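What follows is calculated from the coordinates using simple rules that are stated; it is not laboratory data. Since the model is a prediction, treat every value here as computed from it, not as a measurement. Neighbour counts run over all protein chains shown; Cβ positions are idealised from the backbone, glycine included.
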Amino acid sequence: MKRFLIAIALLAACHSAQAEDRLRVGKPSPQAYDFALLQVGIEAGIFKELGLAIETITFEGSAKQHQAMTAKSIDISLGAGTDFLFIAKGAPERGVAAMAGPPNNMALIVAAKGPIHGVDDLRGKKIGVSTVGSLTYWLAQQFSRRQGWGNDGVVIVPVGGMQGEAAGIVSGNLDAGVGSLEGGMALARKGQGKILVMFGDLVHPFLAHAIFATDDMMKDHPDQLRRFLKGWFATVAYSKSHKAEAIRISQAVTQLPDDEAAEIYENETPMFSTDGRFDPAAVEVVRQSLVDMGQIEKLPANDMLFTEKFLN
């Protein structure tokens with residue numbers, strides 16, 4: 001009888017494992033807290049309870065991530081609101097949920113002992129960003145515009161990601177960089193950098209982040225997509241009500257010490273959407289931002305950029 005029960009348990013375990021649908025989810029940054037929230041949902045068992053096995057795939061910047069979407073190497077992306085650009089240029093995907101509003105997670109970072117002491121010192125200087133058309137690119141341009149310098153008041157230099165920006169800032173090849181708050185804090189901890197501007201204070205309303213799904217995912221696996229989104233927003237709710245657990249799990253990704261991890265949590269958690277609905281005003285700011293960057297003359301209608309039909 002005992003052997004029989006063990007066999008039944010093993011069969012049940014095998015069936016349960018087989019029943020989980022595997023989803024490949026991309027993120028454009030290896031250590032940012034906003035994307036580390038995915039790991040919170042995985043380790044808290046939230047996605048598993050919904051019958052999903054999540055494979056996280058990390059890229060350096062949004063361009064490579066959306067290339068992977070086009071190549072069908074991933075099914076879902078956690079990206080920036082400005083990633084609508086890739087859809088406008090033909091990427092076979094669509095936004096399926098608003099992820100975060102004002103960019104509380106983004107900062108303008110300069111060298112700790114460099115010549116930049118205030119925002120006025122950056123006129124005409126080199127600011128590093130991840131890629132052309134990215135959120136970091138637009139924020140650098142927006143910084144220049146809001147100082148009254150126009151789109152060309154600073155020299156924007158795409159370097160691929162936070163690692164390249166940090167190297168450029170430390171070496172002096174860049175005067176500043178638009179990067180994650182986590183990256184800025186890490187440089188400050190090493191005595192190499194300091195945060196000059198927090199973009200959450202500068203830009204709002206805004207759609208800092210959105211969740212995207214491939215056309216194939218929406219067409220062939222709508223139930224899996226709905227379950228993923230349900231799991232994501234359950235993770236947001238869990239993180240807001242389980243501070244200690246969210247910090248502990250995310251630290252495995254962010255690699256931040258306890259005090260910085262707690263500060264990041266307090267600063268960034270409030271920006272997450274709790275229902276995934278797109279704010280029309282925020283979307284309009286993003287749409288105009290892409291035109292301002294000269295990436296495209298006109299974007300398609302909103303219903304070609306995003307849909308809310310997979311939100312529960």
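With Cα atoms defining each centre, the stretch 73-113 and the stretch 172-191 are spaced 20 Å apart in the structure. In summary, the aspartates and glutamates within cross-link reach of LYS27, defined as a Cα separation below 19 angstrom excluding same-chain residues under 8 places away, comprise GLU43, GLU55, GLU60, ASP75, ASP83, GLU93, GLU165, GLU182, ASP215, ASP216, GLU268.
If we count every other residue with Cβ under 13 angstrom of PRO102's Cβ, Lys/Arg +1 and Asp/Glu -1, where does the sum land?
Numbers: positive: none; negative: ASP34, ASP201, GLU268, ASP279.
That works out to -4.
Hey, what D do you get for the stretch 106-202 in µm²/s if you plug the Kirkwood alpha-carbon radius into Stokes-Einstein at 20 °C and 1.002 mPa s? Intermediate values should be presented prior to the final figure.
Working: Rh = 12.7 Å.
It diffuses with D of about 169 µm²/s by this estimate.
Evaluate the charge dipole of the stretch 106-202 about its Cα centre and quote only its size in Debye, nearest 20, assuming +1 on the Cβ of each Lys and Arg and -1 on the Cβ of each Asp and Glu. Show your work: numbers first, answer last.
On the way: 9 positive and 7 negative charges, 31 e Å.
Using only the charged Cβ atoms, the result is roughly 140 debye.
Here the simple spin-label model places points 7 Å from the Cα toward Cβ, and for ALA262 and ALA244 these points are separated by 1.2 nm. Over all other residues within a Cβ to Cβ distance under 9 Å of ILE74, the charged ones net out to 0, with Lys and Arg as +1 and Asp and Glu as -1. The residues TYR137, TYR238, when put in order of fewest to most other Cβ atoms within 10 Å, stand as TYR238, TYR137. Annotation for the stretch 237-312: trypsin sites (Lys or Arg not before Pro) lying in DSSP loop with at most 13 further Cβ atoms inside 10 Å of their Cβ are ARG277, LYS298, LYS309.
What's the FRET efficiency of ALA188 with GLN255 using the Cβ-Cβ distance as r and R₀ = 22 Å, to the nearest 0.05? Before the final figure, lay out each step's value.
Details: r = 15 Å, r/R0 = 0.66.
That pair, ALA188 with GLN255, gives E of 0.90.
Computed from backbone phi, the HN-Hα couplings of the stretch 241-251 come to 9, 10, 4, 4, 5, 5, 5, 4, 5, 5, 4 Hz, rounded to whole numbers (Karplus: 6.51 cos²θ - 1.76 cosθ + 1.60, θ = phi - 60°; Gly and Pro given as x). Evaluate the Debye formula for the chain with equal point scatterers sitting on the alpha carbons, no solvent, and hand back log10 of I(q)/I(0) at q = 0.09, 0.10, 0.14, 0.15 Å⁻¹, in q order, two decimals. Log10 I(q)/I(0), no solvent term: -0.45, -0.55, -1.04, -1.18.
Taking the beta-carbon count within 10 Å as an exposure proxy, list ARG226, ARG189 from fewest neighbours to most. Before the final figure, lay out the partial values.
Details: ARG226 16, ARG189 13.
Ascending number of Cβ neighbours within 10 Å: ARG189, ARG226.
With 27 Å as the limit, the listed pairs LYS126/LYS240; LYS125/LYS194; LYS126/LYS190; LYS48/LYS89 have LYS126/LYS240; LYS48/LYS89 beyond it between alpha carbons.
The peptide list 106-117, 159-170, put in order of mean Cβ contacts within 10 Å with the highest first, becomes 159-170, 106-117. Rounded to the nearest 20 debye, the dipole size of the chain about its Cα centre is 420 debye, using +1 on the Cβ of Lys and Arg and -1 on the Cβ of Asp and Glu.
Tell me the mean residue ellipticity at 222 nm calculated for the chain from its helices only (DSSP H runs of n ≥ 4, each -39500 (n - 2.57), averaged over every residue, nearest 500). Mind showing how you got there, number by number?
Details: 15 runs with 148 residues, N = 312.
Result for the chain: -14000 deg cm²/dmol, rounded to the nearest 500.
Only bridges whose two residues both fall in the stretch 106-202 count here: according to DSSP, what percent of them are antiparallel, nearest 5? If you can, show how the numbers build up before the last one.
On the way: 9 of 15 bridges.
Expressed as a percentage, antiparallel bridges in the stretch 106-202 total about 60.
Which percent, nearest 5, of DSSP beta bridges in the chain are antiparallel?
Antiparallel bridges make up about 55 percent of those DSSP assigns within the chain.
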